[in-house]
């Protein structure tokens with residue numbers, strides 16, 4: 001779904017406030033910006049073929065099993081790589097969720113079954129070759145219990161579980177299985193650096209699994225997929241030089257306030273979320289609301305109607321600063337529906 005995602009600022013002339021992209025609202029780190037500027041002179045040489053130094057840096061800093069990390073061109077590349085290993089196999093996707101799981105599976109001719117994420121605890125995955133789980137889930141912010149996921153992994157050794165933890169830093173509780181991924185033969189944890197560090201334009205992520213599975217995935221890789229600036233960003237973010245004021249408690253507190261205020265507006269229903277983004281059901285077509293907000297006010301929201309399982313009235317908001325959030329609230333309150 002190349003043109004189906006949010007943050008399509010390129011479609012509009014003047015976007016002032018972007019609620020459509022789930023990245024850190026506190027913005028890119030100033031030190032990282034300066035570091036990247038200083039690396040421009042490195043663009044006259046090829047980057048490492050497989051970004052090995054960054055992989056080792058992450059393993060060391062996070063105390064992960066040596067050889068268990070593979071750097072990817074954003075988290076999305078990980079999904080397509082994993083889907084390619086299971087061509088013509090059977091996939092289970094919980095919905096609503098990130099559309100790229102489905103797109104990756106279709107590219108490699110998977111037999112796909114969809115299941116509402118409300119049935120997650122009771123669903124039996126034994127018949128599937130691969131199961132896709134986003135935790136916390138995009139777009140509704142749903143959180144799946146860590147112990148239930150582990151139980152499913154242990155109960156179904158013949159099924160590969162792909163656990164997308166792209167938004168894991170935007171929670172006030174630890175539900176990650178990153179440090180346990182290499183202990184299971186049938187688990188892959190996918191992480192994104194673009195959300196926490198606010199660098200989606202650089203396309204940088206990684207996956208964690210057994211070294212044996214890493215070896216299989218490497219056989220499918222093109223060299224030089226990760227560009228020099230992305231590598232330098234990753235190395236800087238996982239260095240002693242990197243410090244910032246990332247305050248998840250502050251972000252989540254504002255998210256809760258934002259949700260409450262939106263829910264007070266007549267006609268708008270909020271799907272409660274414990275992370276930085278949440279779904280809203282509007283009184284009219286979400287696509288039309290998006291267009292009017294963008295064209296009249298320079299405000300961009302995420303039309304969520306193309307998420308499987310959602311309606312034409314759903315849109316998603318990603319919490320921004322108090323002033324920006326209040327501006328959207330004011331516009332919606334005065335809107336004439």
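Bear in mind these aren't lab numbers, they're just calculated from the coordinates by the rules spelled out. Keep in mind that what you see is a predicted model, and the values were worked out from it rather than measured. For neighbour counting, all protein chains shown are included, and Cβ atoms are generated from backbone atoms with ideal geometry for every residue, glycine included.
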- What ranking, highest mean first, results for peptides 14-20, 195-201 when packing means the other Cβ atoms within 10 Å averaged over each residue? 195-201, 14-20
- Task: Calculate, for residue 145 and residue 89, the FRET efficiency according to 1/(1 + (r/R0)^6) with r their C-beta to C-beta distance and R0 22 Å; round to the nearest 0.05.
- Result: 0.25
- Task: Set the Förster distance to 30 Å, then compute FRET efficiency between residue 106 and residue 334 from the Cβ-Cβ distance, nearest 0.05.
- Result: 0.10
- Ranked from fewest to most other Cβ atoms within 10 Å of their own Cβ, 224, 132 fall in the order 224, 132
- Message: Would segment 68-149 count as rounded, prolate or oblate if I go by the C-alpha gyration tensor, calling it rounded below 1.5 in a/c and otherwise prolate when a/b exceeds b/c, oblate otherwise?
- Response: oblate
- Task: Return the label of the correct value of semi-axes √(5λ) of the Cα gyration tensor in Å, as calculated from the structure shown, out of (i) 32, 26, 18; (ii) 38, 23, 17; (iii) 42, 27, 16.
- Result: (i)
- Computed over the Cα atoms of segment 124-173, what is the ratio Rg over Rh, Rh following Kirkwood? 0.99
- Item | Calculated FRET efficiency for the pair residue 322/residue 37, C-beta based, R₀ 35 Å, to 0.05 | 0.70
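Name the shape class, rounded, prolate or oblate, that the alpha-carbon gyration tensor gives for segment 270-337, where a ≥ b ≥ c are the square roots of its eigenvalues, rounded holds for a/c under 1.5, and otherwise prolate holds if a/b is larger than b/c and oblate otherwise.
oblate
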- Assuming a ≥ b ≥ c are the square roots of the Cα gyration tensor eigenvalues, decide whether segment 32-121 counts as rounded (a/c under 1.5), prolate (otherwise, with a/b larger than b/c) or oblate. prolate
- For every helix of n ≥ 4 consecutive DSSP H residues, a contribution of -39,500 (n - 2.57) applies; sum these over the chain, divide by its total residues, and give [θ] at 222 nm rounded to the nearest 500 deg cm²/dmol. -9500 deg cm²/dmol
- Between residue 311 and residue 256, what length in nm is gained on full extension when 0.36 nm per residue of separation is reduced by their alpha carbon distance? 17.5 nm
